[in-house]
1. What is the spin-label model distance, in nm, from Tyr74 to Asn23 if the labels are put 7 Å beyond Cα along the C-beta direction?
2. Under 1.5 on a/c is rounded, so check that first for segment 159-231, then, if it is not, pick prolate when a/b is larger than b/c and oblate when it is not; a ≥ b ≥ c are the square roots of the alpha carbon gyration tensor eigenvalues.
3. Specify which residue in the list Ser169, Leu27, Val208 is farthest towards the positive end of the charge dipole of the chain, using unit charges on the beta carbon of Lys, Arg (+1) and Asp, Glu (-1), about the Cα centre.
4. For n ≥ 4 DSSP H runs only, could you compute -39500 (n - 2.57) per run for the chain, divide by its residues and tell me the 222 nm figure to the nearest 500?
5. Roughly how big is the chain's charge dipole about its Cα centre, with Cβ charges of +1 (Lys, Arg) and -1 (Asp, Glu), in debye to the nearest 20?
6. Of the DSSP beta bridges with both residues in the chain, give the percent that are antiparallel, rounding to the nearest 5.
7. Could you give the nm distance between label points at Arg48 and Ala234, where each point is 7 Å from its Cα heading toward the beta carbon?
8. Which of Gln22, Gln63, Gln111 moves most in a GNM of the chain, Cα contacts under 10 Å?
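What follows is calculated from the coordinates using simple rules that are stated; it is not laboratory data. Remember, it's a predicted structure, so these values are computed and weren't measured experimentally. Neighbour counts are summed over all protein chains in view; Cβ atoms, including those assigned to glycine, are modelled from backbone coordinates with ideal geometry.
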Amino acid sequence: MRPLIGVTSLWDDEKSCGWMWQNYLELIWEAGGMPMVLSLNASDEAVREAVCRCDGFLFTGGQDVAPDRFDSQYPQRCQKPSLERDAVEFKLFDAARRAHRPIFGICRGLQLINVAMGGSLIEDIPSQVDTQTEHRYVTPGSPSMHQVDILGESYLFRAYPNNVMTVNSYHHQALDRVAQGLRIVARSSTDQVIEAVQSDEDDFLLGVQWHPERIYRERPENLRMVEFFIEAAAQR
């Protein structure tokens, strides 16, 4: 039986409702898991039920984390947050960690993990980082692709045993102060922006700044690192 993976909902401001990109669910299925989209219900009962039933959790991409959730120095540079998502995801992340569930974070998910564990964020890369690398996706146009350096032994290196990996990029924020308990395992090759962290504790915890769900078919190393997540969930 496939392990059940709770996938956090995206949020549509205009319609005031949750929604989901299909490619997140396809990625989990292709990696061997059974995805289940979680509602944006932050009640204690809903969180307990999710943690009880799910074998692992994928924290998806989306809007900025609210600046009052971390030690923000430039809150005016943050884009409109999703308070609905923050309310459920911070509570869910804490409960999932206490229950020793495997956790994987993508883009916003990486940033949420870092903030939830006590870290901080760069509020806006274009105005705060001296770089020629375009980390955002600016429409119309092709998604930004750039290289990241893989730093030592990690799930990334196991998935792609090379020093450099090519990834896509859809973000204007990034990790600043890394939370205690997390280790940097990848940085942007050009400007050293943090691109991935993991925990070296027994519980699986990995976050990446790029979107593997959009490129895993052309770049199978992205599927392989999610397979490690699913394998950890299957052992629960």
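1. 2.8
2. It is oblate, given that a/c is not under 1.5 and a/b is not larger than b/c.
3. Leu27
4. Mean residue ellipticity, 222 nm, calculated: -8000 deg cm²/dmol.
5. Dipole size: approximately 300 debye.
6. Around 60 percent antiparallel, to the nearest 5.
7. My value for the distance between the label points is 3.2 nm.
8. Checking each option, the largest mean-square fluctuation is seen for Gln22.
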